[in-house]
Amino acid sequence: MSKPVRVVLPEPGAAGSLRQTAVSHIGFRVPNVPAAVEFYATVLGLVVQQDLPDGGARLGWGTGHHVLDLLPGPAALDHFGFEVRDPGGVDAIAARLEQVTELDESYVDYAIGKASGISTTDPDGNTVHFHNAVYRQGENAADTGRRPIKYQHVTLATADVARMAEFYVGTAGFRISDQLADGGFAWLRSNRDHHTLAIVGSGRTGLDHYSYDLAEWEDFKAWCDRLTDIGVDVAWGPGRHGPGNNLFVFFDDPAGNHIELSAEMEKFHDDRVEYVPRRWEPQPRSVNLWGGQLPQWRKTSEGN
């Protein structure tokens, strides 16, 4: 019997440079924009802030920077962005990126959030924005039994976790919080939250899932009951992840994007500790400490 593969993902180059950076927005191609707009308004309380060309829509909470772009087309991830509050952070990322890839430094969004920054593509060809700090009115103030506090993280699917991790850690400046011991999943941080970006090996590219933050465990009962009332099936959970220690529940939007609601995520205080990334066993009980079956789209390398 062969021994399990064990991998240590390195933290090269600029690892840990980002300490005040968060996810900002995400954009999807969807077959039916009006249906997706109605879904996100009903389920997550997002409202249309702006009509986009070709029948698209930009959604957010309040009058702050947008959270979601819905664009017409076959279902796919179109882009995602990060808000960089680290002093000089966008310029530093641009300088590092210029050494490894091409940039479009003309990325500007003046419609709502007045964001300016850079646009690039990662090794899988995903379009990524890094922009300056923006006004985020409408977030972090809600009835959390009916509306999330904020957009919290994005998880990318890939056929090469090590290559993607090297880009986001060594060039962009994230740090590795945790990984599966076989190198098939990595959770990356860019602020005090355990992860703002994760990368999972799935043999494909694009979005694995993305997540919104709730306040606490008590909100999950209200959410699961409410999803049932409006005819949205819970696809996975409630449960508790090992990496991050956060509570979770998953459901899908009309285009098939996996949406996570999360709460009570582990925090890191990098200015006070020396931290060595943990390596979790690549088994179902690592990604759900409470046990139970995984959804069809979530695989670990051993045990399922």
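Every read-out reported here was derived from the displayed coordinates using simple, explicitly stated rules and does not represent laboratory data. Remember, it's a predicted structure, so these values are computed and weren't measured experimentally. With ideal geometry, Cβ positions are generated from the backbone for all residues, glycine too; neighbour counts draw on all protein chains shown.
Before moving on, here are some points about what is shown:
- A crude spin-label estimate for the pair E38 and V273, with each label 7 Å from Cα along the Cβ direction, gives 4.7 nm.
- Per-residue Cβ neighbour counts within 10 Å put I176, I26, I199 in the sequence I26, I176, I199, beginning with the fewest.
- Residues Y212, Y151, sorted so that the one with the fewest Cβ neighbours within 10 Å comes first: Y212, Y151
- Rh by Kirkwood over Cα pairs, then Stokes-Einstein D for segment 54-213 at 1.002 mPa s and 20 °C, µm²/s: 129
- From the coordinates shown, P(r) over Cα pairs in 10 Å bins from 0, in percent corresponds to which of [x] 6, 28, 37, 23, 5, 0; [y] 6, 24, 29, 22, 14, 4, 0; [z] 6, 23, 33, 26, 10, 2, 0, 0: [x]
- Computed from the C-beta positions of A95 and V234, the FRET efficiency with R₀ = 45 Å rounds to 0.50.
- Ranked K150, K114, criterion: other C-beta atoms within 10 Å, fewest first: K114, K150
- Each peptide in 252-258, 117-123 gets a packing score, the mean of other Cβ atoms within 10 Å over its residues, and the list from highest to lowest is 117-123, 252-258.
- Between T127 and Q296, the modelled labels are 3.0 nm apart [label points 7 Å from Cα along Cα→Cβ].
- In summary, the aspartates and glutamates within cross-link reach of K221, defined as a Cα separation below 16 angstrom excluding same-chain residues under 8 places away, comprise D143, D213, D229, D233, E260, E264.
- Cut-off under 5 Å, modelled amide H: who pairs with Q49 long-range: R58, L59, G60
- With contacts taken as Cα pairs under 8 Å at a separation of at least 6 residues, segment 222-304 carries a relative contact order of 25 percent.
- Remark on H153: its backbone amide H falls under 5 Å from those of S211, a criterion applied only to residues 5 or more positions apart or on other chains, H modelled at 1.01 Å from N.
- Computed over the alpha carbons of segment 150-287, Rg followed by Dmax gives 15.1, 46 Å.
- log10 of Debye I(q)/I(0), alpha-carbon scatterers only, for segment 22-131 at 0.23 Å⁻¹: -1.29
- Over the residues of the chain, the helix contribution to mean residue ellipticity at 222 nm works out to -4000 deg cm²/dmol, using -39500 (n - 2.57) for each DSSP H run of at least 4.
- Counting DSSP beta bridges with both ends in segment 150-287, the antiparallel % (nearest 5): 70
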